[in-house]
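*Asks:* Before anything else, here's the structure in question.
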Amino acid sequence: MVKVRVENLIVESSLVYFYAQCGELTSALRAFDMMEEKDVISWTAVISACSRKGHGNKAIVMFIGMLEHGFLPNEFTVCSILKACSEEKALRFGRQVHSLVVKKMIKKDVFVGTSLMDMYAKCGEISDCRKVFDGMSNRNTVTWTSIIAAHAREGFGEDAISLFRVMKRRHLIANNLTVVSILRACGSVGALLLGKELHAQIIKNSIEKNVYIGSTLVWLYCKCGESRDAFNVLQQLPSRDVVSWTAMISGCSSLGHEAEALDFLKEMIQDGVEPNPFTYSSALKACANSEALLIGRSIHSIAEKNHALSNVFVGSALIHMYAKCGFVSEAFRVFDSMPEKNLVSWKAMIMGYARNGFCREALKLMYRMEAEGFEVDDYIFATILSTCGDIELDEAEASATCYLETS
């Protein structure tokens, strides 16, 4: 009888694991719920499936249920739940899992350590991420890549570069993700010389045609003001995707090469690559800076056809472009039709009004912005006061004036 029960448990756990591996979360949960007895393997399978499919909160609930049923997680369970904590930014629960790992002496191998690092890094806790890293007795390429990527992502480019140099001294082989992360670190601090050294090594290792590495090289060179080198890298990529094109367009726009940015957008569309919201935003910024209204309207039309106008950043870029070209009514039409507004869109519209001499409208919108729960920062105040000066307001605008005087 015991043998039959064990065999059933193995079969049922295998079924849960099978559905989980195939990405069939609903079937995995159904099979799990039908199990009369459950073990660590079946709990881990559903927690892992929830985490992989982006249902982090469900994974956390399942993990709590596992503990309440008296099961101690293994290292695979821990890695899965830490991934869920990373995606949901559930720092407090992640810390509790970390404490459980220490207290219950769960096998703290290189994968658990790396998962803990990744959780802290994704939650913005770089110091805790570094503490975990420093406390690990064994580290592999994934571990080193994780710590380098964390520092590069959070803006600690110099620290990322220092860690990379230590990694190289220990003769660890960098993978493609390591290369991408260190290139981003170089770009963030303007370390062009090291970036070029890495580029030479990339060519030597024959990985320059990797689209992720190539796109990051384009971004690096643009960030360092080397648009010609960026263009050469872009031209040598065997397949240029939206990321590589957007890196080039954004880079040219940031460097003040608006005409080139718009030429690249045209070439991108001719290549059959559909722009994403970041592409539209970068191209519209170029239109605003060069006051290229006709091209801006064409981009507006393309974005509308591709259903990109619902994106708050595209909408904000359109507002800025129309206002910069002096077409404030069109800017407000875009603003008013946006399904969602953020601080950037409010600021773009208020600045558009103020800089085009529509001071009463700017003040009214600033007051409305504050009434809808957005904080009016010093930059908005300073711009309105400097561009509008002393303005006579009627009684309908008195509340906005009071707000200015008391803030």
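*Asks:* GLU260: more than 27 Å from VAL376 (Cβ to Cβ), assigned to a helix (DSSP H, G or I) and charged (D, E, K, R), yes or no? Spell out the reasoning first.
*Replies:* Working: more than 27 Å from VAL376 (Cβ to Cβ): yes; assigned to a helix (DSSP H, G or I): yes; charged (D, E, K, R): yes.
Here the answer is yes, as GLU260 does meet what is asked.
*Asks:* Looking only at residues that are crowded, with 18+ Cβ neighbours inside 10 Å and of a type in the set (S, T, N, Q) in the stretch 120-159, which one is farthest from SER188 (Cα to Cα)?
*Replies:* THR143
*Asks:* Please go through the stretch 263-287 and give me each residue that is buried (at least 23 other Cβ atoms within 10 Å of the Cβ) and not in a loop (DSSP other than H, G, I, E, B), ordered by number.
*Replies:* To start, the set of residues in the stretch 263-287 that are buried (at least 23 other Cβ atoms within 10 Å of the Cβ) comprises 264-265, 275, 279-284, 286-287.
Within the stretch 263-287, PHE264, LEU265, THR279, TYR280, SER281, SER282, ALA283, LEU284, ALA286, CYS287 qualify.
*Asks:* If you don't mind, there's one more thing I want to ask. Find the residue count for the stretch 216-253, including only residues that are in a loop (DSSP other than H, G, I, E, B) and crowded, with 24+ Cβ neighbours inside 10 Å. Walk me through it before giving the result.
*Replies:* Here is the first cut: in the stretch 216-253, the residues in a loop (DSSP other than H, G, I, E, B) are 224-226, 237-241.
Add one more test, that the residue is crowded, with 24+ Cβ neighbours inside 10 Å, and what stays is none.
Total meeting the criteria: 0.
*Asks:* Which of the residues that make up the stretch 118-155 are outside any helix (DSSP H, G or I) and among the hydrophobic types (A, V, I, L, M, F, W, C)?
*Replies:* Kept after step one, since they are outside any helix (DSSP H, G or I), are these residues of the stretch 118-155: 123-125, 135-140, 154-155.
The answer is CYS123, MET136.
*Asks:* Across the stretch 331-354, what is the number of residues that are crowded, with 17+ Cβ neighbours inside 10 Å and either free of Cβ contacts under 8 Å to residues at least 12 places away in the same chain or within 24 Å of ALA303 (Cβ to Cβ) (or both)? Can you show your working first?
*Replies:* Step one: filter the stretch 331-354 for residues crowded, with 17+ Cβ neighbours inside 10 Å, giving 331-332, 334-335, 338, 341, 345-354.
Adding the requirement that they be either free of Cβ contacts under 8 Å to residues at least 12 places away in the same chain or within 24 Å of ALA303 (Cβ to Cβ) (or both) leaves 331-332, 334-335, 338, 341, 345-353.
Here the count works out to 15.
*Asks:* So, restricting to helices (runs of 4 or more DSSP H) that lie completely within the stretch 300-390, which ones have at least 1 residues that are of a type in the set (Val, Ile, Thr) and at pLDDT 90 or above? Please lay out each step first, then the result.
*Replies:* Details: elements: 312-324, 328-337, 343-355, 359-371, 378-388.
Here the list reads 312-324, 328-337, 343-355.
*Asks:* Give the residue that is nearest to GLY56 (Cα to Cα), with candidates limited to residues of the stretch 1-44 that are at pLDDT 80 or above and in contact with a His (Cβ under 9 Å, 6 or more places away or on another chain).
*Replies:* Per the stated criteria, the residue is TRP43.
*Asks:* When you go through GLY65, GLY56, GLY23 one by one, which is the residue that is in the same structural domain as ALA121 (by TED's automatic domain parsing) and either under 23 Å from the mean Cα position of the chain (by Cα) or of a type in the set (Phe, Trp, Tyr) (or both)?
*Replies:* After applying the criteria, what remains is GLY56.
*Asks:* Could you pull out every one of the helices (runs of 4 or more DSSP H) wholly within the stretch 34-103 that has 1 or more residues that are in contact with a helix residue (DSSP H, G or I) (Cβ under 6 Å, 6 or more places away or on another chain) and charged (D, E, K, R)? First the steps, then the outcome.
*Replies:* Numbers: elements: 40-52, 56-68, 75-88, 91-103.
Helices (runs of 4 or more DSSP H) meeting the threshold: 56-68, 75-88.
*Asks:* A further question on this structure: So, in the stretch 202-215, how many residues would count as being part of a helix (DSSP H, G or I) and either under 16 Å from GLN235 (Cβ atoms) or of a type in the set (A, V, I, L, M) (or both)?
*Replies:* So the count comes out to 6.
*Asks:* Looking only at the stretch 40-56, count how many residues are in contact with a Lys or Arg (Cβ under 6 Å, 6 or more places away or on another chain) and either of a type in the set (A, V, I, L, M) or surrounded by fewer than 17 Cβ atoms within 10 Å (Cβ to Cβ) (or both). Explain how you work it out, then say what you get.
*Replies:* We begin by selecting, within the stretch 40-56, every residue in contact with a Lys or Arg (Cβ under 6 Å, 6 or more places away or on another chain); these are 50-51.
Adding the requirement that they be either of a type in the set (A, V, I, L, M) or surrounded by fewer than 17 Cβ atoms within 10 Å (Cβ to Cβ) (or both) leaves none.
Count: 0.
*Asks:* Evaluate the stretch 203-211: report whether one residue or more is farther than 25 Å from GLY157 by Cα and touching a Cys at 6+ places or on another chain (Cβ under 8 Å).
*Replies:* Restricting attention to the stretch 203-211, the residues satisfying the condition of being farther than 25 Å from GLY157 by Cα are 206.
From what is left, the residues that are touching a Cys at 6+ places or on another chain (Cβ under 8 Å) are none.
No, the stretch 203-211 contains no residue that is farther than 25 Å from GLY157 by Cα and touching a Cys at 6+ places or on another chain (Cβ under 8 Å).
The values are calculated or read from the model by the stated rules, or taken from the named source; none is laboratory data. Predicted, not measured: the structure shown is a model, and the values here were computed from it. As a convention, Cβ positions derive from the backbone with ideal geometry for all residues, glycine included, and neighbour counts pool all protein chains shown.
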